[in-house]
Amino acid sequence: MKRVPVVVIVLFALISLLAACGAQAPATQAPAGGGASATQAPAAGGASATQAPAAGGTAGAKTVVIGYTASLTGKSSLESIRQQNGLQLWVNQVNAKGGIKLTDGSTVTFETKSYDDESKNDRVQELYSRLVNEDKAAFLISPYGSGPTDAAAVVAEQNNRIMITTGAASDSTYKKGYTLVYQVYTPASRYLTGAADALAKQDPSAKKIAIVHENDKFSTDVSNALKAYAEKQGYQVVLFEGYDSNTTDFGPVINKVQQAAPDAIMGGGHFQDGSTFAKQLAEKKVPVKFLALLVAPPEPKFAELGDAAVGVVGPSQWEPLAAFTAEAAKSLNLEWYGPAGADFVSAYKAAYQGEDPSYHAAGGYMAGLLLQSAIEKAGSLDTDAIKSALDATDKMTFFGHTKFDTTPDAHGLQTGHEMVYIQWQKDGDKLAKQVVWPSEAGTAKLLYPVR
């Protein structure tokens, strides 16, 4: 048999090696749909796997996972689904524009992974741990509600994950030493204090307030803060009454309200209980000059109560009527970022069959917009760099002013954003929301007394 020259063997081996190398996928290739994310979770306390590649690394496309839970079922389903819709609109828009370009030349697009938490706090930690450890979520968005968010924040901090919270207003979450949890909403301690101010401006003689609230973390925090503020302003709190979250018959509570004979009723909780309470107050023709309830009134669906909705005031994190603009930002020496309010509204309505966006939807979108701004400023997916960008945030968007407390005692607490107060009023044969407080942002005078 003829002996093959050594040089031929070497040449053949070299060709085979080059062919094998050429078959490998680029290191920065985006994962296939459903595959493991390129932003795999780091071990607890370790360096973030979402860190941008070192200078000189190969640029390419990266897809990162944003994880969250939503109450697709349960008592908070309406608000939570709106929040989810807003977030998904942001994801779709960013991806449609090609993603976010990083300083290394690579681009980042997003996909979401979520679970139904059923409005149950005890499911949240398990689900957020799954999002981090199994679904490899690089960033987290909070569930809807202060109680569930309180549980999720622990997981975020332990796993070195930035979490943007929306639909979560209780101050206490941000006073536990966390460093990676950032609040979009105005804190609960300031949710209803403006209602007391509006009442004082309208009628200085009104002094008696009944506070009736849902016995959950958020509503209780808001109501305790309102009570302390109202008493400091010279009001007499003639009734301070809690009710179970599943209450459908408010008769016993309403009897106590009637006996206390307040000038104003304030409190409430979430959509289901708040709308039921307002309806039954109207059915029993309870005389009241001023009625302000949490969460329910700003929802467009609240108008379905008909006459029972007329005169009801609600604190809102955002309203289409509240015109935050680039010009307004400039006048306050603030950076303007993101789309105009009208552009957000039109995009949301186009995406969701003409549905008007509530503040819950705007909050979901804002959570994504805030994350986008921080990633752009950081120029990378490094947790520390994004944290620094969030700490330095002081800007205006269609949602209003955003700025965070960066002290160790309340890190991530929202300090820039303020509430607006709406009231349902008659507009011919229809009901319309009007902004009635603060007066400089008002679109109509306060309807007073309610009945």
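The values are calculated or read from the model by the stated rules, or taken from the named source; none is laboratory data. Just so it is clear, the structure is predicted and the values come from calculations on it, not from any experiment. Cβ placement follows ideal geometry from the backbone for every residue including glycine, while neighbour counts extend to all protein chains displayed.
Brief remarks follow.
- Exclusive hit being part of a loop (DSSP other than H, G, I, E, B), closer than 25 Å to S439 by Cα and in contact with a Ser or Thr (Cβ under 9 Å, 6 or more places away or on another chain), set Y185, Y229: Y185
- Index of the failed condition, K330 passing every other in (1) part of a strand (DSSP E or B); (2) over 29 Å from P204 (Cα atoms): (1)
- Residue list for region 65-101, restricted to those being over 23 Å from D135 (Cα atoms), in contact with a Gly (Cβ under 8 Å, 6 or more places away or on another chain) and not hydroxyl-bearing (S, T, Y): E79, R82
- In region 321-333, the residues that are modelled with pLDDT under 85 form Cβ pairs under 6 Å with partners that are in a helix (DSSP H, G or I), at six or more places apart or across chains, as follows: A322/A441.
Conditions (1) free of Cβ contacts under 8 Å to residues at least 40 places away in the same chain; (2) over 18 Å from the mean Cα position of the chain (by Cα); (3) part of a helix (DSSP H, G or I), marked per residue:
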residue	(1), (2), (3)
S114	no, no, no
D122	yes, yes, yes
D135	no, yes, no
Y144	no, no, no
G167	no, no, no
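- Test set (1) buried (at least 24 other Cβ atoms within 10 Å of the Cβ); (2) closer than 30 Å to L371 by Cα; (3) touching a residue at least 40 places away in the same chain (Cβ under 8 Å) - A156 fails condition number: (3)
- Only residues that are buried (at least 24 other Cβ atoms within 10 Å of the Cβ) and either polar (S, T, N, Q) or out of contact with any Asp or Glu (no Cβ under 9 Å at 6 or more places or on another chain) (or both) were counted in region 163-181, giving 5.
- Counting only residues that are in contact with an Asp or Glu (Cβ under 9 Å, 6 or more places away or on another chain), touching a residue at least 24 places away in the same chain (Cβ under 8 Å) and part of a helix (DSSP H, G or I), region 78-109 holds 6 of them.
One line per residue, one yes/no per condition, for (1) over 17 Å from L78 (Cα atoms); (2) among the hydrophobic types (A, V, I, L, M, F, W, C); (3) touching a Leu at 6+ places or on another chain (Cβ under 7 Å):
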site: V295; (1), (2), (3): no, yes, no
site: P300; (1), (2), (3): no, no, no
site: D307; (1), (2), (3): yes, no, no
site: G311; (1), (2), (3): yes, no, yes
site: S316; (1), (2), (3): no, no, no
site: A326; (1), (2), (3): yes, yes, no
site: A329; (1), (2), (3): yes, yes, no
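- M396 fulfils the conditions (1) within 27 Å of E335 (Cα to Cα); (2) outside the structural domain of A340 (by TED's automatic domain parsing); (3) in a strand (DSSP E or B) except for a single criterion, (2).
- Check on V286, among the β-branched types (V, I, T) and either over 14 Å from V212 (Cβ atoms) or assigned to a loop (DSSP other than H, G, I, E, B) (or both): yes
- All of K120, K62 fail the test of being of a type outside the set (A, V, I, L, M) and more than 27 Å from T247 (Cα to Cα), apart from K62.
- Residue selected from region 84-101 under the condition under 19 Å from L381 (Cα atoms) and of a type in the set (G, A, S), by the criterion farthest from the chain's Cα centre (by Cα): G98
- Inclusion of I254 among residues that are surrounded by 16 or more Cβ atoms within 10 Å (Cβ to Cβ), more than 25 Å from the chain's Cα centre (by Cα), assigned to a strand (DSSP E or B) and modelled with pLDDT of 95 or more is not warranted.
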